[in-house]
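The values are calculated or read from the model by the stated rules, or taken from the named source; none is laboratory data. The shown structure was predicted, so the numbers you read here are calculated from the model rather than taken from an experiment. Cβ placement follows ideal geometry from the backbone for every residue including glycine, while neighbour counts extend to all protein chains displayed. The protein model used for the area step is the full one, side chains on, heavy atoms only, and it has no ligands, DNA or RNA in it. Shrake-Rupley method; radii C 1.70, N 1.55, O 1.52, S 1.80 Å.
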Amino acid sequence: MNREEILINNFYAVQNSLSAVCQKSGREPKEITLLAVTKYAQDQDVLTLLQKGLIKHIGESRVQQALARWTSPVFASFNTVKHFIGHLQKNKAAKAAQLFDFVDSLDDLHTAQALSKAVPSGKTLRVLVQVKLTDKETQSGLPLDQARRLVQTLKELPGLKVCGYMAIAPQGAPKEQLHQLFRTLKQAFDADFPAGKERYLSLGMSEDFEIAVEEGSSLPRIGSKLFAEHLEGL
């Protein structure tokens with residue numbers, strides 16, 4: 001099996017998993033937007049999935065690297081929705097506001113203000129506030145109560161549209177804990193972002209996206225399962 005076939009099979013394995021968990025939890029697959037985490041992927045692998053029309057929403061975590069990739073002629077020719085999913089430094093906010101359609105990892109008012117000032121005229125930059133689900137000091141994000149207060153403040157900033165939450169689960173956490181953490185955040189999300197408006201709950205990565213979708217995630221971030229070097233079977 002060649003590389004292209006492996007990538008296509010990986011994609012459909014993820015899609016089948018998403019369909020299965022939707023059926024299990026009574027959700028519609030159309031409620032879920034797959035965010036392909038391309039930050040560590042080889043250019044040719046990303047191009048393969050783009051050329052096949054399999055991915056549209058892409059996630060990057062380094063501004064300079066993303067600029068180099070997505071402003072190059074071969075990548076710029078594709079109609080993608082670009083999400084910044086890493087920790088955004090204030091001094092990179094201006095470039096991020098130019099390139100990205102979403103910043104999914106906002107956890108600081110000063111950075112939000114810098115983004116607001118740099119958003120090009122006529123553009124609306126969608127932002128998600130990152131909630132911290134672990135006590136690790138190295139983990140970005142805000143405790144849920146602070147995140148909820150930041151959401152209210154961001155609504156006043158021009159050029160930005162705050163439309164959800166993002167969170168990264170504690171690595172190696174048991175399933176029961178993941179269910180509880182995701183469920184708690186989903187409750188806050190529903191309260192702060194009423195149904196009927198544009199909204200996104202970005203929970204779950206390759207290791208835990210099925211639990212996240214079961215608990216209400218609408219924007220799971222999948223990288224390693226899409227771009228694995230070997231065939232990802234179910």
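Could you state the accessible area per residue of region 12-169 in Å², with a 1.4 Å probe and every protein chain left in place?
48
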Distance between modelled label sites at GLU5 and ALA94, nm, 7 Å Cα→Cβ extension: 5.1
With each label point set 7 Å from Cα along the Cα-Cβ vector, what nm distance links THR153 and GLU198? 2.4
Over region 51-164, relative contact order from alpha-carbon pairs under 8 Å, at least 6 apart, %: 21
Global size of region 7-51 as Cα Rg and Dmax, reported in angstrom: 12.4, 36
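Just to confirm the filter: which trypsin sites (Lys or Arg not before Pro) across region 86-132 are DSSP coil and have at most 12 other Cβ within 10 angstrom of their Cβ?
Counting only loop positions with at most 12 other Cβ atoms within 10 Å, the trypsin sites (Lys or Arg not before Pro) in region 86-132 are LYS123.
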With N set to the number of residues, divide the alpha-carbon radius of gyration of region 116-186 by 2.2 N^0.38 Å and report two decimals. 1.30
I'd like the carbon and sulfur percentage of the solvent accessible area for region 1-133, probe radius 1.4 Å, heavy atoms only, ligands and nucleic acids excluded. 46
Dividing the convex hull volume of the alpha carbon atoms of region 95-234 by its residue count, what do you get in Å³ per residue? 139
Neighbourhood net charge (11 Å Cβ-Cβ; Lys/Arg +1, Asp/Glu -1) for LYS161: +3
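For region 178-228, which GluC sites (Glu not before Pro) pass both filters: DSSP loop (anything but H, G, I, E, B) and at most 16 other C-beta atoms within 10 Å?
Listed in order of number, the matching sites are GLU198, GLU207.
Need one number: convex hull volume per residue for region 152-234, Cα atoms only, in Å³.
128
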Given 0.36 nm per residue, what is the gain on full extension from ASP101 to GLN42 after removing their alpha carbon distance, in nm? 19.1 nm
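Compute the FRET efficiency between ALA68 and GLN15 as 1/(1 + (r/R0)^6), taking r as their Cβ-Cβ distance and R0 = 41 Å, and round to the nearest 0.05. Can you show the working numbers first?
Numbers: r = 29 Å, r/R0 = 0.72.
Given R0 = 41 Å and the Cβ-Cβ separation, E is 0.90.
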Measuring from a point 7 Å past the Cα of GLU207 along Cα-to-C-beta, which residues in region 156-182 have an amide N at less than 16 Å? 167-179, 181-182
